[in-house]
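Here is the structure we will look at.
Derivation of every value follows stated rules applied to the coordinates shown; laboratory data play no part. Keep in mind it's a predicted model, so treat the numbers as computed, not measured. Cβ sites come from the backbone with ideal geometry, for glycine too, and all protein chains shown count toward neighbours.
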Amino acid sequence: MRRAATFVVVLSVVAAPAARALELQRVVSGLGAGVVAMTHAGDASGRLFITMQDGRVLVHDGTRVLTTPFLDIRSLVRSGGEQGLLSVAFQPGYATNGRFYVYYNRTSNGDVVIARYRVSANANVADPASGEVLMTIPHSQFSNHNGGQLQFGPDGYLYAGPGDGGGGGDPLGSGQSIRTWLGKILRIDVSPATGYAIPPTNPYAGNPDATVKQEIWAYGLRNPWRFSFDRATGDLFIADVGQNTYEEVDFQPVGSAGGQNYGWNIMEGAHCYPPPGTGCNQTGLTLPILEYDHSTGDCSITGGYRYRGQLFQSLRGTYFYGDFCSGRIRAATFSGTWSSTVALDTALSISTFGEDQAGEVYVADLGGTIYRIATNTYFHTLPPCRVTDTRGAQAPALGANTTRTFTVAGTCGIPADSGAIAAIVTVVGATDGGDLRLFPTLTALPGASTINFAAGPTRANNAILSLGDGGRVSVRTDMLPGSTGTVDFLIDVYGYFR
Ligand SMILES: [Ca+2]
């Protein structure tokens, strides 16, 4: 909060166009303790699925949290500390196959279970009797370091990230052993009707040594509580919780053959372990792309997502992650190498980040509140300027029942990362009546028109136009039924939001 206060002071002194700051928009509150994961089903329903540590999955329908849980397996889940129901992942094609996966500690002894469930005839309620245990990962010796993330990769395989089995310093020797599922990123093929298969391209697939775990995709991890795939590139970001001193983000480029050794417990972050390091053999280790230390109140990394949403142009490509203890949200960007800054210093106990189907990113406080990651936005006036005129250089006129796209950012003083423009949309020379719908490129066609027109007369509307991918606006022309008419239009801008 100290940083936010400082920022406000700077703003009041410097009246120039403000740099934008990260802002959290509250989406849901009052969920009670134990929000540990958020995701979507990939079914275009707009729902956010909220995993509660106690064993419930709740549905946020875009407006509110439904009273009846989507899934309630509290009787199966040992919850508390680092244990519980820790994440949910929906299988690609969920809208037709209805299959999803859960990761939890089981009641009897804390072992980690990965199980498959199916939705019921009610889209907002799963069938609790459909549970099929796919993997049981021994984890009874210590209650900590369960990992807990499930994600489907761009290859359609299910990835899971168990921790090293707990204790401190990896007493079980899990990280560097390929004979345990602990301390790994695992990859399995869940496409069979029952059970699962080993992907033939897993690094140890078909290994003749029966003690080698063929589910292993990458190893040398301590507690990869949260990992995620970049939906645009397929790259994998693994946030591995540190032991005493360093928190780290590990990276795996899309198309990797797997088999990376991310170093634990030879190294903690980019440093030999245990400290004080007098050197260690780093041969074959993949070091983190980002790390931070515990010297200023940080203590446990919570991995997030690379922002690929539509609402906040300036955030695109930024990887957001946080720290559970300090509440800091960090923003990392790539420019030859990865670098990171503290984007927001919050009072949250950051338990998880999540992504909806549109790519918007959410962050949760363990205590029961979910926020959307956003930017504050200001309106900036511009001298009147014409950005689009289909009578001139951007001819021809729009035809009936077609969609055209116009780039408006980068012209007339509109910055490339503007989120929206204030404009006057003018229709001229319509040969028949109809309407124009202007909408952000690569988003869904809106139901309402921006401007309706009749043949002949000039019509103008004042509008706020959101900009989509590449600072573009798309225009859909709908002339009266049966018409093959054309229409010209102009966009005159007088300000933008950024
Ligand atoms: Ca490491």
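So the values come out like this:
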quantity: Contour excess over end-to-end distance, with Cα ends at Arg386 and Ala193 and 0.36 nm allotted per residue; calculated: 63.7 nm
quantity: The stretch 269-324, relative contact order [Cα under 8 Å, separation at least 6], %; calculated: 28
quantity: Contact order relative to length of the chain, as percent, for alpha carbon pairs under 8 angstrom and 6 or more apart; calculated: 12
quantity: 10 Å binning of all Cα-Cα separations within the chain, expressed as whole percents from 0 upward; calculated: 4, 18, 26, 22, 16, 10, 4, 1, 0
quantity: Mean residue ellipticity (222 nm) of the chain, computed from DSSP H runs ≥ 4 via -39,500 (n - 2.57), nearest 500; calculated: -1000 deg cm²/dmol
quantity: Stretch gain in nm, segment Ser120-Leu445, where the contour uses 0.36 nm per residue and the Cα spacing is subtracted; calculated: 113.9 nm
quantity: Full-stretch length increase - Ser143, Asp469 - with 0.36 nm per residue and alpha-carbon distance subtracted; calculated: 112.8 nm
quantity: Pairwise FRET efficiency - Thr233 versus Ala270, Cβ, R0 = 35 Å, nearest 0.05; calculated: 0.90
quantity: Estimated distance in nm for a label pair at Ser108 and Ala416, the labels positioned 7 Å out from Cα along Cα-to-Cβ; calculated: 5.8
quantity: Neighbourhood net charge (11 Å Cβ-Cβ; Lys/Arg +1, Asp/Glu -1) for Gly156; calculated: -1
quantity: Simple Cβ-charge dipole of the chain, Lys/Arg +1 and Asp/Glu -1, about Cα centre, in debye nearest 20; calculated: 740
quantity: Spin-label model distance (nm) - Ser75 vs Arg316, 7 Å beyond Cα toward Cβ; calculated: 5.0
quantity: Nitroxide proxy distance, nm - points 7 Å out along Cα→Cβ at Asp155 and Thr63; calculated: 4.3
quantity: DSSP beta bridge pairing in the stretch 2-375, given as percent antiparallel to the nearest 5; calculated: 95
quantity: Nearest 10 degrees, 0 to 90: helix 2-13 Cα axis against the chain principal axis; calculated: 20
quantity: Surface/4 of the Cα convex hull for the stretch 379-497, nm²; calculated: 6.6
quantity: Theoretical FRET efficiency, 1/(1+(r/R0)^6), r = Cβ-Cβ of Ser339 and Asn244, R0 25 Å, to 0.05; calculated: 0.55
quantity: Derived scalar couplings ³J(HN,Hα) [the stretch 125-137; Karplus, 6.51 cos²θ - 1.76 cosθ + 1.60; whole Hz; x for Gly, Pro]; calculated: 9, 7, 8, x, 8, 8, x, 9, 6, 9, 9, 10, 9
quantity: Å³ per residue enclosed by the Cα convex hull of the stretch 444-498; calculated: 119
